[in-house]
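Structure first, then comments.
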Amino acid sequence: MVPELKGKKVLIGITGGIAVYKICDLVRRLKKDGLEVKVLMTEFSTRFVSPMTFEVLSGNPVFTDWSNDPLAHIHLARWADTFLIAPCTVNTLSKIATAQGDNLLTTTVLAYDGPLLIAPAANHVMLSQKAVRKNIDSLIKDRSAVVIKPEEGLLACDEEGEGKLPSVERLYDWIVWSLMPKPLEGKKVLVTAGATREYLDPVRFISNDSSGEMGFALTRTARWLGAEVTVVAGSFRADPPPEVDLIEVVSASQMLEKVLALYPEQDIVIMNSAVADFRPTDRSASKIKKEESLTIKLTRNPDILERLGREKKNQFLVGFALETENILENAREKMERKNLDMIVANPASAIGSRDYRGWIIYKDSEEEITAPSKLSAALKIIERIARLTAP
Ligand code: CTP
């Protein structure tokens, strides 16, 4: 899906918890996207899902001990580009934090010095013990590990609390994050996504068909490259990106208000949302009743991007333009009129297609972008923004 990920080597360490079954889908997902996966299991975890399942899904032998290779811990540690332990029991978490190597998994962690992701999953009381919290803090501080926050919900033990293994999508996103360079580290990025809605009455509105997919892809990929990202979204159908602040708004006026409040502290702002250019002049407090005909008077909405362009200080401002003809000329005109640093021009014919084709327009040049998916196109756009905003 994202060609840059092809051939990257992911080592997954599995310890004994009921959530092991979720890792089957994660391995499938990674393989499908062209990554290589090797699985390392503790003896106890093999009681939940058989190593054979992971052998088939990963296309590689599964490692549980040193029986096939006396240097397995070194070979696996050197092979991996990234190492995720999921689900990670409180027991294994504490052993890693205190540098114990009593099985192949914990010994491999000792021999490994690349990006380490740990996804604890356990009963919420077990995870909240002071000693466990201290071990988590030490893994983050002393080992530079990422400890992925468990999710809240009904746990396998029938108690409610924070202890569930994160979704496959979240784990996948962290793996990709750990594999990417971080040119946007320390930068704050604001993305807008989706469609605004302008209500006529309590149940009807004027809007458009934006799914939010491109805005969310830009959000995800900006996070992958190290940025701290906030996304302000109108209505959307696409899945919201994990691990970022999502602020939901309804109308263009609300979007303007939120974006302006966040604007001063941003380094980069990407306006991808499809903002309604008009809103009904009057909004009926009660549902409009049927009549022979109805005339709706519309008022121009504020142009958020134009306003940002006027109030720009040091922010790098990016707009989007959807065009049916004279794509490059029209987009460049918008770029100049709205005082942008970059605009991405998309032909209207691209709507609904899986492949992506568009142009990035810079101050004095253009670049055509083609990609197999919106996510991959978004990564290219974010990479260009990172390059242009590098110190
Ligand atoms: N935009 C905005 N506020 C609006 C309308 C658009 O911030 N009220 C932003 C969009 O998020 C996008 C860019 O402006 O980044 C699009 O510019 P626009 O001039 O509206 O172009 P189109 O949407 O392509 O529409 P048109 O060609 O009709 O002007």
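Can you find a residue in segment 190-197 that is open to solvent by 60 Å² or more (accessible area, probe 1.4 Å) and either assigned by TED's automatic domain parsing to the domain that holds Leu84 or touching a strand residue (DSSP E or B) at 6+ places or on another chain (Cβ under 6 Å) (or both)? Scanning segment 190-197 turns up at least one residue that is open to solvent by 60 Å² or more (accessible area, probe 1.4 Å) and either assigned by TED's automatic domain parsing to the domain that holds Leu84 or touching a strand residue (DSSP E or B) at 6+ places or on another chain (Cβ under 6 Å) (or both). Filtering segment 295-310 to residues that are charged (D, E, K, R) and within 13 Å of the ligand (Cβ to nearest atom) leaves Arg300, Asp303, Glu306, Arg307, Arg310.
Scanning segment 190-230 for residues that are β-branched (Val, Ile, Thr) and either within 13 Å of the ligand (Cβ to nearest atom) or in a helix (DSSP H, G or I) (or both) turns up Val191, Thr192, Thr196, Ile206, Thr219, Thr221.
Scanning segment 273-302 for residues that are in contact with a Phe, Trp or Tyr (Cβ under 7 Å, 6 or more places away or on another chain), open to solvent by 30 Å² or more (accessible area, probe 1.4 Å) and among the polar types (S, T, N, Q) returns a single hit, Thr299. You will find that of Glu336, Glu306, Glu292, the residue that is over 30 Å from the mean Cα position of the chain (by Cα) and under 28 Å from Glu368 (Cα atoms) is Glu336 and no other. Pairs linking a residue in segment 266-295 that is more than 22 Å from Thr230 (Cβ to Cβ) to a residue that is within 14 Å of the ligand (Cβ to nearest atom) and of a type in the set (Lys, Arg), with Cβ atoms under 7 Å and 6 or more positions apart or on different chains, are Asp277/Arg300; Phe278/Arg300.
Exactly one condition in (1) within 15 Å of Phe216 (Cα to Cα); (2) away from the ligand (no atom under 14 Å from the Cβ) is not met by Asn272; state its number. In the conditions (1) within 15 Å of Phe216 (Cα to Cα); (2) away from the ligand (no atom under 14 Å from the Cβ), Asn272 misses (2) alone. All conditions in (1) within 16 Å of the ligand (Cβ to nearest atom); (2) open to solvent by 50 Å² or more (accessible area, probe 1.4 Å); (3) under 26 Å from Leu190 (Cβ atoms); (4) of a type in the set (Gly, Ala, Ser) hold for Ser349, with the sole exception of (3). Note on segment 250-266: residues that are within 25 Å of Gly352 (Cβ to Cβ) and surrounded by 18 or more Cβ atoms within 10 Å (Cβ to Cβ) total 2. For segment 122-137, a residue qualifies if it is in contact with a Pro (Cβ under 8 Å, 6 or more places away or on another chain) and at pLDDT 95 or above, and exactly one does: Ile136. Count of segment 1-36 residues, restricted to those that are part of a helix (DSSP H, G or I) and of a type in the set (A, V, I, L, M, F, W, C), is 7. Residues in segment 339-391 that are of a type in the set (Lys, Arg), assigned to a helix (DSSP H, G or I) and without any contact (Cβ under 8 Å) to a residue 40 or more places away in the chain: Lys380 alone.
Checked against the criteria, Lys149 does not count as assigned to a helix (DSSP H, G or I) and either in contact with a Gly (Cβ under 8 Å, 6 or more places away or on another chain) or without any contact (Cβ under 8 Å) to a residue 60 or more places away in the chain (or both).
Could you please let me know if Ile85 is more than 24 Å from the chain's Cα centre (by Cα) and of a type in the set (A, V, I, L, M)? So Ile85 fails the test.
Could you list all residues from segment 308-320 that are open to solvent by 80 Å² or more (accessible area, probe 1.4 Å), touching a residue at least 40 places away in the same chain (Cβ under 8 Å) and either over 19 Å from Arg387 (Cα atoms) or among the hydroxyl-bearing types (Ser, Thr, Tyr) (or both)? Of everything in segment 308-320, just one residue is open to solvent by 80 Å² or more (accessible area, probe 1.4 Å), touching a residue at least 40 places away in the same chain (Cβ under 8 Å) and either over 19 Å from Arg387 (Cα atoms) or among the hydroxyl-bearing types (Ser, Thr, Tyr) (or both), namely Lys313. Among the residues making up segment 152-189, those that are assigned to a loop (DSSP other than H, G, I, E, B) and within 24 Å of Val90 (Cβ to Cβ) are Leu155, Ala156, Cys157, Asp158, Glu159, Leu165, Pro166, Ser167. Residues that are modelled with pLDDT under 95, more than 10 Å from the ligand (Cβ to nearest atom) and under 20 Å from Leu184 (Cβ atoms): does segment 245-252 have at least one? Yes, segment 245-252 contains a residue that is modelled with pLDDT under 95, more than 10 Å from the ligand (Cβ to nearest atom) and under 20 Å from Leu184 (Cβ atoms).
The values are calculated or read from the model by the stated rules, or taken from the named source; none is laboratory data. Bear in mind that the values here come from a model prediction, so they are computed numbers and not experimental data. Cβ coordinates were reconstructed from backbone atoms using ideal geometry, including for glycine residues, and neighbour counts include every protein chain displayed. What goes into the accessible areas is simple: the full protein's heavy atoms, side chains included, and nothing from ligands, DNA or RNA. Shrake-Rupley method; radii C 1.70, N 1.55, O 1.52, S 1.80 Å.
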